[in-house]
Amino acid sequence: MPKQMNVLEFQQKCDRGEKLTVVTAYDYSMALAVDAAGVDAILVGDSLSMTMLGRPNTLSASMDEMIHHTKAVAKGVKQALLIGDMPFLSYQLGLEETLDNAGAFLAEAGAQAVKLEWFPNAPEVTSFLVENGIPVMGHVGFTPQHVNQMGGYHQQGKEKASASRLLQQAKALERAGAFAVVLELIPSDIARKITQSLKIPTIGIGAGPHCDGQVQVLHDMLGLLPDFHPKHAKAYLQLHEAIKNTVRQYVSEVRTGKFPPAH
Ligand code: KIV
């Protein structure tokens with residue numbers, strides 16, 4: 001039985017200069033494949049609101065949905081660190097409620113850590129969760145739950161003042177005890193500066209090559225969504241086309257009597 005990654009080994013890998021790999025997964029079958037591929041961590045992202053549930057953004061992912069999908073992923077994970085993404089308003093309404101919600105990811109769903117997006121109380125919330133035994137991954141830069149305030153899916157930290165704010169936020173999360181921080185949609189040189197300034201790993205998405213690791217949304221990597229191709233993602237497969245062609249072949253074989261064979 002392979003040993004499951006934990007947050008201490010995640011840090012040690014980073015200290016050895018090994019790049020960290022993180023991928024999202026949202027169900028059992030995908031978790032089996034992603035885990036077997038040898039990623040360091042699997043994130044059950046609230047991006048499931050878009051990728052799995054067809055919504056326009058991540059804001060309406062609920063705790064029930066996140067727990068449901070995290071449980072399914074946990075069944076398929078043997079070796080990756082499993083991180084559950086705290087949905088919009090599940091960590092902003094008071095420390096006790098936040099602890100209940102974060103605790104559910106670990107106690108009920110089988111995750112080893114949670115991720116939460118930057119907001120002004122993120123350091124306080126992070127240190128409270130960490131003190132209570134819940135490892136926390138931070139998230140700065142473009143934070144999708146703030147899409148309405150940020151006016152769309154735009155790169156952050158382009159001006160000197162906002163770049164310096166991002167650095168301060170990442171440092172505050174490190175001081176609060178976060179075990180890693182996601183840097184989303186920020187210029188490569190700012191990501192490099194933040195990475196050089198922190199001891200904890202930085203995990204980039206649309207933040208260039210200088211982060212300690214990378215995270216990708218599985219559906220983007222597999223080409224599963226025909227009309228959604230973010231610039232920062234690499235589609236290694238065109239799975240939407242492959243699925244469509246496979247099912248087309250099945251439809252045709254049933255209609256022409258080629259499948260199933262007589263027995
Ligand atoms: O929800 C998600 O998938 C994420 C990643 C993009 C980091 O937050």
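The values are calculated or read from the model by the stated rules, or taken from the named source; none is laboratory data. Computed from a predicted model, the values in this text were never measured in an experiment. All Cβ positions, glycine included, derive from the backbone under ideal geometry; neighbour counts span all protein chains shown. Please note that ligands, DNA and RNA were not included when accessible areas were found on the heavy atoms of the full protein model with its side chains. Shrake-Rupley method; radii C 1.70, N 1.55, O 1.52, S 1.80 Å.
Numerical summary
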{"item": "P(r) histogram, all alpha-carbon pairs of the chain included - 10 Å bins from 0, percent", "result": "7, 30, 36, 17, 5, 3, 1, 0"}
{"item": "Distant-in-sequence amide H partners of Leu224 (H built 1.01 Å from N, under 5 Å)", "result": "Leu239, His240"}
{"item": "Inter-part distance where segment 214-228 and segment 14-56 are each reduced to a Cα centre, Å", "result": "11"}
{"item": "For segment 1-108: rounded, prolate or oblate by the Cα gyration tensor [a/c cutoff 1.5]", "result": "prolate"}
{"item": "Nearest-10 value in Å² for the accessible area of Met63, using the 1.4 Å probe", "result": "40"}
{"item": "For the chain, built as a Gaussian network whose Cα springs stay under 10 Å, the top-fluctuating residue of Glu253, Glu117, Glu18", "result": "Glu253"}
{"item": "In order through segment 21-28: 3J(HN,Hα) via Karplus (6.51 cos²θ - 1.76 cosθ + 1.60), integer Hz, x for Gly, Pro", "result": "10, 9, 9, 7, 8, 10, 8, 5"}
{"item": "Paramagnetic reach from Leu237 in segment 189-228 [backbone N under 20 Å; point 7 Å along Cα→Cβ]", "result": "215-228"}
{"item": "Area of Glu131 that stays accessible when all protein chains are in place (1.4 Å probe, Å², to 10)", "result": "150"}
{"item": "Carbon plus sulfur fraction of accessible area for segment 7-238, probe 1.4 Å, in percent", "result": "54"}
{"item": "Inter-site label distance for Lys160 and Ser29 at 7 Å from Cα along Cβ, in nm", "result": "5.4"}
{"item": "Heavy-atom surface of the chain, accessible at 1.4 Å and reported per residue (Å²)", "result": "49"}
{"item": "For the chain, built as a Gaussian network whose Cα springs stay under 10 Å, the top-fluctuating residue of Ala172, Ala41, Ala31", "result": "Ala172"}
{"item": "Computed accessible area, Tyr236, all protein chains, 1.4 angstrom probe, square angstrom", "result": "150"}
{"item": "P(r) histogram, all alpha-carbon pairs of segment 1-59 included - 5 Å bins from 0, percent", "result": "4, 16, 21, 21, 16, 12, 7, 3"}
{"item": "HN-Hα J in Hz across segment 148-154 - Karplus 6.51, -1.76, 1.60, θ = phi - 60°, x for Gly and Pro", "result": "5, 7, 7, x, x, 8, 10"}
{"item": "Within straight-line cross-link reach of Lys231, aspartates and glutamates at Cα separation under 15 Å, skipping those fewer than 8 residues along the same chain", "result": "Glu184, Asp220"}
